[in-house]
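The next block holds one structure in the form of structure tokens; read it before the comments.
Computed from the coordinates by the stated procedures, all read-outs in this text should not be read as laboratory data. Keep in mind it's a predicted model, so treat the numbers as computed, not measured. Backbone-built Cβ (ideal geometry, glycine too); neighbour counts: all protein chains shown.
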Amino acid sequence: MTWRTFIPALLFAVVASGAQAHDYKVGPIAIDHPWTRATPKNAPVAGGYLKITNTGTTPDRLTGGSTEVAKRFEVHEMSMEGGVMKMRELRDGLTIAPGATVELKPGSYHIMMMNLSRPLAKGENVKGTLTFEKAGKVDIEFAVEAIGGSPAGMKTKEHGH
Ligand SMILES: [Cu+2]
């Protein structure tokens, strides 16, 4: 690689990594890398994943939000019950203790975008908001990653509601 090609390659790498890691702040709440997965045609739901850190001194709660692609937005918990993976909506929201980081990820806590109005395509960004009980509302964007393996199929099946 000559210097003529090296410089553009370096710039591209910086831009690419900038797009990968995106974060947001609202009050003492820090949000890291919201992402979701591309969905097959006519998929009714998509999961939303991100890391939330509470840098404050009092607990806060993720109580809801919205996205531009779904009518409903729910905060879900996934857990093993008697050897079966179950999901349920956290109607009181997800508590983030002071100093704690909670990761919403496949197989664990997640955001459920329900009644999708269109399929999600890899590489696009989906605009949304998150609402915290104390810190308030924050605009975010979910980066759409490739269609996953089993979790995507599993979600479709388990979210027949
Ligand atoms: Cu769910």
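List the lysines whose Cα lies under 18 Å from the Cα of Lys51, skipping any in the same chain that are fewer than 8 positions away. Counting by Cα, and skipping residues close in sequence, Lys51 has these lysines nearby: Lys25, Lys105, Lys127, Lys134, Lys137. Rounded to the nearest whole Hz, the Karplus-based 3J(HN,Hα) values (6.51 cos²θ - 1.76 cosθ + 1.60, θ = phi - 60°) of segment 100-113 follow the sequence 8, 10, 10, 9, 8, 8, x, x, 9, 4, 7, 9, 10, 8, with x at glycine and proline. Counted by Cβ distance under 15 Å from Pro98, the other residues give a net charge of 0, where Lys and Arg count +1 and Asp and Glu count -1.
Sorting the segments 97-108, 121-132 by their mean number of nearby beta carbons within 10 angstrom, highest to lowest, gives 121-132, 97-108.
Between Lys25 and Glu103, the simple spin-label model (points 7 angstrom out along Cα→Cβ) gives 2.3 nm. Oblate is the label for segment 32-147. Its Cα gyration tensor axes, ordered a ≥ b ≥ c, give a/c of at least 1.5 and b/c at or above a/b. Stretching the chain fully between Ala146 and Asn115 yields a gain of 9.2 nm (0.36 nm per residue, less the alpha carbon separation).
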